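One structure is given below, encoded as structure tokens.
None of the figures in this text is laboratory data; all of them are computed from the coordinates on show. Computed from a predicted model, the values in this text were never measured in an experiment. Using ideal geometry, Cβ is built from the backbone for each residue, glycine included, and neighbour counts are taken over all protein chains shown.
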Amino acid sequence: MPLPVGTEAPSFTAKDTNGNTVSLSDFKGKTVVLYFYPKDDTPGCTKQACSFRDAQSQYQSKDIAVLGVSADDEASHQAFTQKYNLNFPLLVDTDKSLIQAYDVDGGGYAKRVTYVIDGDGKISKVDSSVNTTTHAEDVLKSLGL
């Protein structure tokens with residue numbers, strides 16, 4: 001069961017696609033779309049990632065950060081990013097600490113759940129009924145953008 005709207009988003013620190021350290025606190029005052037997905041370079045996950053890639057300019061123009069999370073390692077994220085020209089960071093969660101903290105454990109992989117975290121660190125939206133093809137646009141619409 002995903003965390004409910006209004007909950008303080010669990011803080012985290014993780015490595016991204018390029019080995020940089022990323023923390024939720026880095027985005028204080030900014031909206032963050034934190035989306036969990038099962039596996040790099042699989043059909044649904046690719047559609048979902050490409051929807052965020054294609055809408056990235058809309059997210060950037062609204063000062064919204066997009067972060068993808070799966071249990072894949074850095075090398076897998078790098079290959080996935082390069083193959084599909086992804087233009088946002090993927091976070092490495094091989095120990096599944098984020099997956100567990102955000103209650104999206106699907107039994108060894110992340111369930112497909114998206115959290116929108118407001119600038120104060122609170123969960124403002126939760127989407128667990130994801131259409132992978134239109135997901136990025138669906139999130140923008142849910143934010144009234």
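Can you list the residues, at least 5 places off or on another chain, whose amide H is less than 5 Å from the amide H of Lys122, using H built in the peptide plane?
For Lys122, whose amide H was placed from the backbone, the distant partners under 5 Å are Ala9.
With unit charges on the beta carbon (Lys/Arg positive, Asp/Glu negative), name the residue among Thr133, Asn18, Leu145 whose Cα is farthest towards the positive pole of the charge dipole of the range 16-145.
Going by the charge dipole, the pick is Leu145.
Taking the Cα centre of each part, how many Å lie between the range 26-55 and the range 73-106?
Distance between centres, Cα-based: 9 Å.
If amide H atoms are built 1.01 Å from N in the plane of the peptide, which residues on other chains or at least 5 residues away come under 5 Å of the amide H of Phe88?
none
What are the ³J(HN,Hα) values, in whole Hz, obtained from phi via the Karplus relation 6.51 cos²θ - 1.76 cosθ + 1.60 with θ = phi - 60°, for each residue of the range 95-103 in sequence order, with x given for Gly and Pro?
Result, ordered by residue: 8, 6, 5, 6, 4, 6, 4, 9, 6 Hz.
How far apart, in nm, are two points set 7 Å out from the Cα along the Cα-to-Cβ line at Gln58 and at Leu140?
Those two pseudo-labels are separated by 0.3 nm.
At a Cα cut-off below 28 Å, give the lysines reachable from Lys125, other chains included and same-chain residues fewer than 8 away excluded.
Straight-line reach from Lys125, under 28 Å: Lys15, Lys28, Lys30, Lys39, Lys47, Lys62, Lys96, Lys111, Lys141.
State to the nearest 20 debye the size of the charge dipole of the chain about its Cα centre, where the only charges are +1 on K and R beta carbons and -1 on D and E beta carbons.
With only Lys, Arg, Asp and Glu charged at Cβ, the dipole is about 280 debye.
Of Ser70, Gly107, Ala55, which is farthest towards the positive pole of the chain's charge dipole, taken about the Cα centre with +1 and -1 on the beta-carbons of Lys, Arg and Asp, Glu respectively?
Farthest towards the positive pole: Ala55.
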